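The values are calculated or read from the model by the stated rules, or taken from the named source; none is laboratory data. Predicted model, so just to flag it, every value in this text is computed and none were measured. Here Cβ is always computed from backbone atoms with ideal geometry, including for glycine, and neighbour counts include all displayed protein chains.
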Amino acid sequence: MSAQRDLSQSVLQVIFSVFLGLVVTAFVGIGVNTFYPEPRYVTGPTSDYAQWRLITSIVLLVCATLVMLLSLAIAETGPVLANGALLGGLFTMIYAVGMGISADNQWPRLLVVAAALAITVAVGWWKFTRGRGPVATSAVSGAGAVLPGEAEARLGAIEAKLDALGRALRD
């Protein structure tokens, strides 16, 4: 019963993180549109609208970067909120790239997408690889090999979750 409760708690945490990410994206998008609204009347062929889309994509890119950095800063306080903020930054980054792709200017939109790629890779590298050195190999090889303490604890936690998931799916 405890494993089932742990599984349902984990599922709720994932759902909450995704929902928080969506709300963060909506907040940033509405905030940007509140302070830099879409032009109502196009004075030129479509240059005002294309320029607005490009500037909006840059502002969204900056906001997405700040939200991602916030997620890294609060990572130690709790994984659910940090993951929700990270998803919010990623979703906002997708919004920024979409806005940038729809702009007419070739070089500026390439720069927006290049910046989004660089930021996403850097944040992903920082989030998922920092503090994790190479796994030490055991002096004993073969079936009796023992993993180092941290790796063995992680593997045990994964095995327990998989066992709980298997029991939940069989019931």
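Summary table below
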{"read-out": "Residue among ARG5, ARG53, ARG40 that alone is surrounded by fewer than 16 Cβ atoms within 10 Å (Cβ to Cβ), at pLDDT below 95 and assigned to a helix (DSSP H, G or I)", "value": "ARG5"}
{"read-out": "Hey, VAL28 touching a Cys at 6+ places or on another chain (Cβ under 7 Å), farther than 16 Å from ALA115 by Cβ and either crowded, with 18+ Cβ neighbours inside 10 Å or modelled with pLDDT under 95 (or both) or not", "value": "yes"}
{"read-out": "Among (1) within 17 Å of VAL121 (Cα to Cα); (2) of a type in the set (Ser, Thr, Tyr); (3) outside any helix (DSSP H, G or I) - the single one THR77 does not satisfy", "value": "(1)"}
{"read-out": "Test for SER102: is it under 30 Å from ASP163 (Cβ atoms) and of a type in the set (Ser, Thr, Tyr)", "value": "no"}
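Table: residues versus (1) surrounded by 15 or more Cβ atoms within 10 Å (Cβ to Cβ); (2) touching a Ser or Thr at 6+ places or on another chain (Cβ under 6 Å); (3) modelled with pLDDT of 90 or more; (4) outside any helix (DSSP H, G or I).
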{"site": "LEU12", "(1), (2), (3), (4)": "no, no, yes, no"}
{"site": "PHE19", "(1), (2), (3), (4)": "no, no, yes, no"}
{"site": "THR65", "(1), (2), (3), (4)": "yes, no, yes, no"}
{"site": "PHE91", "(1), (2), (3), (4)": "yes, yes, yes, no"}
{"site": "LEU110", "(1), (2), (3), (4)": "no, no, no, no"}
{"site": "ALA114", "(1), (2), (3), (4)": "no, no, yes, no"}
